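Structure first, commentary second.
The values are calculated or read from the model by the stated rules, or taken from the named source; none is laboratory data. As the structure is a computational prediction, the values presented were derived from the model and not from experiment. Neighbour counts run over all protein chains shown; Cβ positions are idealised from the backbone, glycine included. Please note that ligands, DNA and RNA were not included when accessible areas were found on the heavy atoms of the full protein model with its side chains. Shrake-Rupley method; radii C 1.70, N 1.55, O 1.52, S 1.80 Å.
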Amino acid sequence: DGYTMLLQSMPLAVNRFLFATLPYDPVADLAPVSLLCDYPNVMAVPITSPARSVAEFIAYAKANPGKVTFASSGNGTSVHLSGELFKRMAGIEMIHVPYRGAGPALNDLIPGRVDVMFNNIGAVLPLIQAGKLRALAVTTAKRSPAAPELPTIAESGVPGFDVSSWYAVFMPVKTPPAIVRKANADIVAALATAETR
């Protein structure tokens, strides 16, 4: 009816590949309204880590097979999938340690109980700026305007690595098209304002 909207992120797209059954079909049941933003994850390590670069981290992981751990905010998140892709593309082994959210994972990353996390930039950048974590790189193909000094993983020795996350708005697929178009126009207008940017 046009009065129900869904604000969702990347798991909406990947859940269909991670679970045998879902109570919804993101393609058949939802009408896309607008992309709100996309953003990188940051490969972050404890400040006590011997790795000061992506190349050093890969060398450390290869020298310590079966011992390196990576934290995530839960199975299927961009944080988890970034780590899995990194393992594969870097040719290393890491043990996945899923948590119930980013907070508990960060609480174990900061003191070094886990070795690395590929966390959302918004959650981890303040900890990096405060000197509580060390950033090695961003996961996107291009550097982030929020932290332009950070190299990408791709430019740091893992060519082709590119993971971003996003937030978007959806409506039920049976919402009248005119309402979807109106919602899109209003969101696009709001995103264009300096305050929102």
Nearest 20 debye, what's the magnitude of the dipole of the range 53-109 about its Cα centre given +1 on Lys and Arg Cβ and -1 on Asp and Glu Cβ? 80 debye
Using packing as a proxy for protection, rank 6-12, 74-80 so that the peptide with the highest average count of other Cβ atoms within 10 Å comes first. 74-80, 6-12
For Leu191 and Glu84 in one chain, what is 0.36 nm times their gap in residues minus the Cα-Cα distance, to one decimal in nm? 35.3 nm
Solvent-accessible surface ranking, highest first, for Asp29, Asp1 at 1.4 angstrom: Asp1, Asp29
How big is Rg to Rh over the range 100-197, alpha-carbon atoms, Rh as the Kirkwood inverse-mean-distance radius? 1.10
Based on the Kirkwood radius over alpha-carbon pairs, what value in µm²/s does the Stokes-Einstein equation return for the translational diffusion coefficient of the range 26-161 at 37 °C and 0.692 mPa s? 217 µm²/s
So what are the range 1-94's ellipsoid semi-axes, whole angstrom, largest first, if each one is the square root of 5 times an eigenvalue of the alpha-carbon gyration tensor? 35, 15, 10
Over the Cα atoms of the range 1-56, what Rg and Dmax result, in angstrom? 18.1, 56
Multiply the residue separation of Leu6 and Gln129 by 0.36 nm, subtract the distance between their alpha-carbon atoms, and state the gained length in nm to one decimal. 41.0 nm
Of the options Pro151, Ala178, Asn75, report the single residue whose Cα projects farthest towards the positive end of the charge dipole of the range 75-197 (beta-carbon charges: Lys, Arg +1; Asp, Glu -1). Ala178
For the range 51-92, what is the Kirkwood estimate of the hydrodynamic radius, computed as the reciprocal of the mean inverse distance between distinct Cα atoms, to one decimal in Å? 10.9 Å
Grab the eigenvalues of the alpha-carbon gyration tensor for the range 65-135, scale each by 5, take roots, and send me the semi-axes largest first in whole angstrom. 19, 13, 12
Using Cα pairs under 8 angstrom and six or more residues apart, how large is the relative contact order of the chain, in percent? 36 percent
Potential lengthening between Phe19 and Asn75 on full extension [0.36 nm per residue; Cα-Cα distance subtracted]: 19.1 nm
